[in-house]
1. For GLY243, indicate whether it is surrounded by fewer than 14 Cβ atoms within 10 Å (Cβ to Cβ), farther than 24 Å from GLN58 by Cα and either modelled with pLDDT of 95 or more or not basic (Lys, Arg) (or both).
2. Within the group ASP119, ASP109, which residue is out of contact with any helix residue (DSSP H, G or I) (no Cβ under 7 Å at 6 or more places or on another chain), exposed (fewer than 15 other Cβ atoms within 10 Å of the Cβ), in contact (Cβ under 8 Å) with a residue 60 or more places away in the chain and over 28 Å from VAL193 (Cα atoms)?
3. Cβ-Cβ distance below 7 Å, separation of 6 or more or different chains: which pairs start in the range 159-179 with a residue that is closer than 12 Å to VAL132 by Cα and charged (D, E, K, R) and end on one that is surrounded by 12 or more Cβ atoms within 10 Å (Cβ to Cβ) and modelled with pLDDT of 95 or more?
4. Cβ-Cβ distance below 8 Å, separation of 6 or more or different chains: which pairs start in the range 66-88 with a residue that is under 24 Å from THR168 (Cβ atoms) and end on one that is surrounded by fewer than 18 Cβ atoms within 10 Å (Cβ to Cβ) and among the acidic types (Asp, Glu)?
5. Hey, among the residues in the range 53-76 that are touching a Phe, Trp or Tyr at 6+ places or on another chain (Cβ under 8 Å) and closer than 17 Å to ALA149 by Cα, which one's surrounded by the most Cβ atoms within 10 Å (Cβ to Cβ)?
6. Filtering the range 172-213 down to residues that are surrounded by fewer than 16 Cβ atoms within 10 Å (Cβ to Cβ) and touching a helix residue (DSSP H, G or I) at 6+ places or on another chain (Cβ under 6 Å), which residue is nearest to HIS159 (Cα to Cα)?
7. When you go through ILE106, ILE81, ILE97 one by one, which is the residue that is closer than 21 Å to ASN19 by Cα and touching a Gly at 6+ places or on another chain (Cβ under 9 Å)?
8. Restricting to the range 10-52, give me the number of residues that are more than 15 Å from LEU151 (Cβ to Cβ), part of a loop (DSSP other than H, G, I, E, B) and in contact with a helix residue (DSSP H, G or I) (Cβ under 9 Å, 6 or more places away or on another chain).
Amino acid sequence: MTQAAVSRIALALVNARKNHLPADASQFTDQLSTTAEAYEVQDLVYKALEGETAPVAQAWKSGGPNRSSEQTHSALLAQGILQNGAEMRNWPLNIRIVEIEIAFRIGCDITHEQAAAIDHESSKKLIAAKTVSIEIVDSRWQQAGQAQALLKLADMQSHGTLVLGDWTPYTQSDAERDWSKQRCSLKIGEQPVVSFMGTHTLQDPTYVLPAWLKHATSKGQTLPAGTIITTGSWCGMPFANKGDLIVAEFDGISKTSVQL
């Protein structure tokens, strides 16, 4: 991999976002070899779209297929952070895949030094609020899900938009919650409601926090209070269609919807 290749991939992704036309991933086959290189592409795309002087991202996504795998992360573009009941009928999307998730909001600034010392239990003390979120997964690659994994990571983990529900305080009972018994449901358009219990890929959505905090502050940044992290799917990755109303509900937490 050369820096020129990283720049070319970033430019292709920026143009795909600006022109709403997915790029051909095949021309970049095997040009990224590490997650660090994919993160370099992410950074270039973020700066190109948010501005070189943009502050640290206020919203992120993080997750992994299981606890044995490397967790991956992405800063999210401000224009793609939407609120409960958002209207997306005219939103330009190449694909529409749904993930229902739990999002957290941290309650204090976190420095690089503080993040380096955080473990799973201590990270829970940083959470100020929680909500149900819906991520609409999209792709800037023509090959979408068939693109190489590092190219999907470079494409902000195939992130489209994040819809956030109403926030409620994160309490001690939340810190002690048995997520294996957490029930949730998803309604996509006219499809039947599908229910899930304890299906988070990491068994506990707070599990992502230490790795995410270390990644997000890895260049010496300080994450400001109020930063949001969404933590991975409970429903797999089902497809939706334009015109579908998406409704996600987590028992005892909240309900969130978005109109595609």
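1. Against the criterion (surrounded by fewer than 14 Cβ atoms within 10 Å (Cβ to Cβ), farther than 24 Å from GLN58 by Cα and either modelled with pLDDT of 95 or more or not basic (Lys, Arg) (or both)), GLY243 qualifies.
2. Values: ASP119 fails: out of contact with any helix residue (DSSP H, G or I) (no Cβ under 7 Å at 6 or more places or on another chain).
The conditions single out ASP109.
3. ASP166/ASN84; ASP166/THR131; ASP166/SER254
4. ALA78/GLU50; ASN84/ASP166
5. SER74
6. First pass over the range 172-213, keeping only residues surrounded by fewer than 16 Cβ atoms within 10 Å (Cβ to Cβ): 172-173, 175-176, 178, 180-181, 183, 189-195, 197-198, 203.
When the remaining residues are screened for being touching a helix residue (DSSP H, G or I) at 6+ places or on another chain (Cβ under 6 Å), the result is 175, 198.
On the way: ALA175: 28, GLY198: 24 Å.
Step by step, filter the range 172-213, then rank; the result is GLY198.
7. That would be ILE97, the only listed residue that is closer than 21 Å to ASN19 by Cα and touching a Gly at 6+ places or on another chain (Cβ under 9 Å).
8. 1
The values are calculated or read from the model by the stated rules, or taken from the named source; none is laboratory data. All values reported here derive from a predicted model rather than from experimental measurement. When we count neighbours, we look across all protein chains shown, and the Cβ atoms used for this are built from the backbone with ideal geometry, even at glycine.
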